[in-house]
């Protein structure tokens, strides 16, 4: 007969009455479920009661070997939970055992394995038989390790409090340093604040922040062309191959990477004005590419044509006058540029 695996003894044997019922069933119907052994056949994993009942019923026991990759502990737990009615205390003991044997499992995973609620798991693993708090870390679905139910040791709590008193605004850094959640550190900070034990945060002023940035980062307007990624002046004066005529590489670089805050107020106003002109030109382009032709006017009714005529008579003269004025002012500029 194979030896009983230590994990197989985690669950108690059946009572005399329950064992008698199992003996009668096996004597009448034979052994329905084979007794499970490990892959080597040396250890009995599941079926101590069935093996004993077969002996009492005079029936030959039937054994099966489990695959080599089987997790023995998990198999014993799941197999017995399917057919056992455990008391609440027995389930809590089982939860503690699962937590002890599998320290990386989260509370939710333990609850699923033991077929209990998350609250039962928290109550079982976060207290000993005497009820004193214990420190235990769990691994969540995201792979991060955290203290179970935000329970941390007094030593860790004191270290967090000391760090918060030195720098009250570094909640995330303190959490990362001590391997706890941000919520845990935030809760400790809130309690310190309510008790009046947290010093006022010394936030740097805007002037101090700007001075720190100026000391670390170079000013854009003092950087060389090479530092800005613009290349030589000759390279910057070349026509950009992907843009219309007149767009040099410098023009494109300023369009893509230019920093508006470095321009003077007058230059900023000029850029805003240019942006307005560009928007108008783009709208004119939409008229050219998307507007219906004049022949399409014959296909609409009289009232619609009358409404269109009113709109055109109201806005078209002003638009034509503006365009003529634009062209008349741009032509001398083109001539001056050519000279």
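The values are calculated or read from the model by the stated rules, or taken from the named source; none is laboratory data. What you see is a predicted model, and the numbers here were worked out from it, not measured in a lab. Note that we place each Cβ from the backbone using ideal geometry, even for glycine, and neighbour counts take in every protein chain shown.
At-a-glance table
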{"quantity": "Test: residue 103 is more than 30 Å from residue 22 (Cα to Cα), part of a loop (DSSP other than H, G, I, E, B) and modelled with pLDDT of 75 or more", "calculated": "no"}
{"quantity": "Filter result (surrounded by 12 or more Cβ atoms within 10 Å (Cβ to Cβ), assigned to a loop (DSSP other than H, G, I, E, B) and at pLDDT 75 or above) within the range 209-231", "calculated": "230, 231"}
{"quantity": "Those residues of the range 62-87 which are without any contact (Cβ under 8 Å) to a residue 24 or more places away in the chain and part of a helix (DSSP H, G or I), in sequence order", "calculated": "82, 83"}
{"quantity": "Set 108, 91, 136: member being modelled with pLDDT of 75 or more and more than 30 Å from residue 22 (Cβ to Cβ)", "calculated": "108"}
{"quantity": "Test for residue 56: is it over 47 Å from the mean Cα position of the chain (by Cα), modelled with pLDDT of 90 or more, under 19 Å from residue 3 (Cα atoms) and not in a loop (DSSP other than H, G, I, E, B)", "calculated": "yes"}
{"quantity": "Residues (at pLDDT below 85, outside any loop (DSSP other than H, G, I, E, B) and surrounded by 12 or more Cβ atoms within 10 Å (Cβ to Cβ)) located in the range 149-172", "calculated": "149, 150"}
